[in-house]
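These notes concern the structure reproduced below.
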Amino acid sequence: MTISTKTPFLLFIFYSFFFLGNSQETRNDSINLYLQQIDYLIANKNNYKDDFIDYEALLLKKERVRGSEKVRVLIKLSKSTMFDSLENATKFNDEALQIAQTIWYKEGILNAKYNQAYFLLIKGNFDQSMKLAEKIERIDYYNQFPKIYANVNNLKSDIYTERGEFDLALETGLRLLDRAEKYTNEYLLMKAYASLSHYYLRKENYSKSLDYCLKGLHYNIKFRNFQKFYPKIDEIARMSSKLGNTGLALELYHFIEELETKMFPLGEYIKSSIYMNMAVLYLARKNPKRASNYISKSIAINLKKNYKFRIPRALTVQAEIYLKTKDTAKAISFYEKSFKAAEDINAFDVVKSNSFILSKLYKNRNNTSKAYEYNTLYEAVRDSLFDSEHEQKIIILEARRQIKEVTHKKEILELKNKAQRADLNLIVIILAFIVVFGFFVTFSYIEVKRKNKILYYKTIELAVIQSESRKRPAHIENPENVSFIEIDVEETEKTTNLIDDDIKNIILSKLEKLEKDHFFISSSCSLHQVAEQLKTNPKYLSQVINQEKKSNFNNYINGLRIDFLINKLLEDKDFRDNKISYIAAFIGYNNANTFNTAFKKKEGILPSYFISQLIQESKVNA
């Protein structure tokens, strides 16, 4: 492409960037400007043949080239077909990987493995996709292959978001953004904005999600990433609809229809998303008939192509449509289908939201057993690892982002007002705000340290009281008969929904014996496993724990584990020197994150802080 051909587009991009960065135009104006840029690119696509994916041309080129060039062509073919046929995409990608490994073309190998991980995400195999992404990430390749680094971290953030691990999704996205800004890498910026847009979309902060999406679209246009135009416009339409601007959303979907006549076909993967979002749009516009038509198309594509991670949300939309039309029975049916599909792929945010809705719907229909079942599931997921979004590291990362944004705004204002001294007061106000904000952050940090200290001494005090109470002799009626009595669950269920006092006392007695044997430090400890040991029904055991221990089963086990650990840490100085991962495993946790969450939830402080304080005090008293 000649310089004269490039010049108009470069001027257009420069003008657009300057206009968007310095004007007070509305979001609608920004969106329209981006659509104009896309129209310009499509009209001049013949000037960007290396960027515009031409499937037939790539097939011909594949037969003419060899070595690393053939790998790159096969990777492009794989990407061009993945939104319509994962089978063809996988075939091209496998061939690229085989050739790359034969000639030891490292970039080709990494790109092909990243594609494999991405395909697994589309299929809803989150765990396998994450394992492959982490395997790729272990290779030290950032300086050599920054694009692959960006792609992998964007993928990880998306997986965390889909699984409901929102704290990890936000952390990954913010770290990617920090690195992008540190090295002024625009490709990393594009991927960081994509990660954060997806995160805030799932958190239903549509305004912030749209802001990040528009920032990402700017770089997709700049890199002439034609394949991303459809999904990005779909995302903008979806968020505009959620923010109440359904008119703009409809205009954007009309734009996509026009765009398809000028570019390549949408592909089934993108169609399934567009149909689902249009169903939500028409539901918001109080047109359930059209909404139902679109969601039916989306569900059909998702089931046919086995897009597992989209199926739960599509089924949820169908349930919402039935709920709006007062067909509660069908709404419940589809919520349950969505719940099952989400459970199969560990999409915990959908599991949590749908179990809550189902518990309310069944309660309204006076089906107390089903309401209890789904409410119990909701509380179990709600109290799980994925609610640890307010960890200190996340608060710190977000604070850094806010400070960085304020600093960036201050620098722009300083440059803009260099020749206009009359606006100096505005700069002084911003500087004062930063100072006050810094003072507030410092004060908050000191206050957190003070509270942690109080919680530390409170934890020790409670541990001592509990230890003394355990030394007192326990009075158990007929202890010699407890282990030989089995509970006739079926007969009891026939007579009453309440547990007989004798049965309850037997369960409590057996449970007390198990507590003395420290059954809870086994990593396989579960409600069903404990119920089998006690020769009772899991539902009865759960009810006894709820009534007598004033807790659900998970919190009950966590409480026993943490109390046991605190006593051991107080008594065994050598045990304090072990790593957190070993200590977590010692008391039955499969990973340190779950242990940290449980400890902090119960005691208000992290175990690392508690142990470090114990060690410090033992040194002072030595």
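None of the figures in this text is laboratory data; all of them are computed from the coordinates on show. Worth saying up front: this structure is predicted, and the values here are computed from it rather than measured. Backbone-built Cβ (ideal geometry, glycine too); neighbour counts: all protein chains shown.
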Taking every pair of alpha-carbon atoms in segment 39-144, what share in percent sits in each 5 Å bin, from 0 to the bin with the longest distance?
-> 2, 12, 20, 20, 20, 13, 9, 3, 0
From phi via Karplus (6.51, -1.76, 1.60), per-residue ³J(HN,Hα) for segment 191-202 in Hz, x at Gly/Pro = 6, 5, 4, 4, 4, 5, 5, 5, 4, 5, 5, 5
Within-12-Å neighbourhood charge of GLU373 [Cβ basis; K, R +1; D, E -1] | +1
At q = 0.16 Å⁻¹, work out log10 I(q)/I(0) for segment 502-586 with the Debye formula, treating every Cα as an identical point scatterer and leaving solvent out; two decimals please.
-> -0.65
XL table LYS182/LYS449; LYS76/LYS215; LYS228/LYS262; LYS91/LYS123; Cα-Cα > 20 Å flagged, in table order, is LYS182/LYS449; LYS76/LYS215
Rounded to whole Hz and in sequence order, give me ³J(HN,Hα) for segment 568-574 from the Karplus expression 6.51 cos²θ - 1.76 cosθ + 1.60, θ = phi - 60°, writing x for Gly and Pro.
-> 5, 5, 5, 8, 10, 5, 5
From the cross-link list LYS203/LYS340; LYS79/LYS156; LYS208/LYS326, the entries with a Cα-Cα span beyond 29 Å are LYS208/LYS326
Size of the dipole of segment 504-622 about the Cα centre, Lys and Arg at +1 and Asp and Glu at -1 on the beta carbon, nothing else charged, in debye to 20?
-> 340 debye
Long-range share for segment 158-282, i.e. C-alpha pairs more than 19 Å apart as a percent of all pairs, stands at 50 percent
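Around ILE236, under 14 Å between beta carbons, what's the net of Lys plus Arg minus Asp minus Glu among the other residues?
After counting each charged neighbour, the total is +2.
Please label the shape of segment 225-372 as rounded, prolate or oblate, based on the square roots a ≥ b ≥ c of the eigenvalues of the alpha-carbon gyration tensor (a/c under 1.5 means rounded; beyond that, a/b larger than b/c means prolate, else oblate).
prolate
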Once the other residues with Cβ under 9 Å from the Cβ of SER195 are scored (Lys, Arg +1; Asp, Glu -1), what is the net sum?
-> +1
